[in-house]
1. Along the Cα-to-Cβ line of residue 38, 7 Å from the Cα, sits a label point; which residues in the range 138-162 have backbone N less than 20 Å from it?
2. Going down the list 63/180; 81/183; 63/183, which pairs span over 32 Å between their C-alpha atoms?
3. Calculate, in nm to one decimal, what residue 82 and residue 49 gain on full extension: separation in residues at 0.36 nm each, minus their alpha carbon distance.
4. Distance from a point 7 Å along Cα→Cβ of residue 60 to each backbone N in the range 85-111: keep the residues under 15 Å and list them by number.
5. If you take the beta carbon distance between residue 183 and residue 114 as r and set R0 to 22 Å, what does 1/(1 + (r/R0)^6) give as a FRET efficiency, to the nearest 0.05?
6. If the cut-off is a Cα-Cα distance under 19 Å, which aspartates and glutamates reach residue 178, setting aside same-chain residues fewer than 8 apart in sequence?
7. Would you work out the relative contact order for the range 44-100, in percent, from Cα pairs under 8 angstrom that are 6 or more residues apart?
Amino acid sequence: MKRRRKIIIPTVTAVLLLCAVGLFLFIELRIKSIRDDLSSLEANSVASSALTAGLTEALEDYKIDYSDIVSFTYDDNGNIKSLSADIITLNTLGNKIGTKTDEYINRMGTYRVTLPLSALLGIQTVSGIGPDITFYVTMRGLTSTRFEDNFEQAGVNQTRHQIFLCVTINTHVIFGGKVKIVKYDSEICIAESIIVGVTPSTFADF
């Protein structure tokens with residue numbers, strides 16, 4: 001009997017140790033998976049808010065109107081012959097919006113992400129229960145902008161011309177010694193006008 005106890009006790013200890021290690025690895029993998037998902041959601045939310053703030057501030061500082069960036073030439077009959085855009089003005093505006101957006105993302109530096117402890121179990125019946133676990137991630141923004149335009153029929157001899165700002169924000173999410181890039185794209189109409197009169201069937205690229 002004594003020999004059996006000596007064998008059983010180490011065996012039970014080893015099983016318990018393996019269970020503890022397995023539980024630790026399971027929790028670690030769950031934390032990593034959930035943290036990745038939450039940090040991506042947070043990065044998109046931060047990018048969206050930063051773009052709104054950056055766009056608003058840039059347009060307040062740098063007011064533009066459709067007539068400021070688009071000009072037309074006409075033929076002898078008064079019909080539109082060509083359209084041209086003030087590329088310098090557009091590029092200046094795009095750079096300003098990108099800079100302001102990055103400033104808003106970088107301003108806070110470290111962002112707080114929380115989730116309930118029960119989320120680690122993956123069981124729906126206890127989801128949302130328990131104390132919160134807090135993660136801290138650092139975000140850095142890198143924003144690029146470009147402009148596109150669109151023409152569409154708006155009525156008899158009427159054409160709607162829209163100018164879109166296309167924004168791509170690559171948010172670098174830093175946590176646990178790793179860097180993950182979360183991409184956020186948005187398209188915003190910054191100017192439009194109804195062109196009255198006969199217009200060419202095609203225009204040169206904007």
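Read the figures in this text as sums done on the coordinates, not as results from a lab. Since this is a predicted model, take the numbers as computed values, not measurements. Glycine gets a Cβ as well: all are built from the backbone with ideal geometry, and neighbour counts include every protein chain shown.
1. 138-140
2. 63/180; 81/183
3. 8.1 nm
4. 97, 100-101, 104
5. 0.35
6. 28, 36, 37, 42
7. Once divided by the residue count of the range 44-100, the mean separation gives 40 percent.
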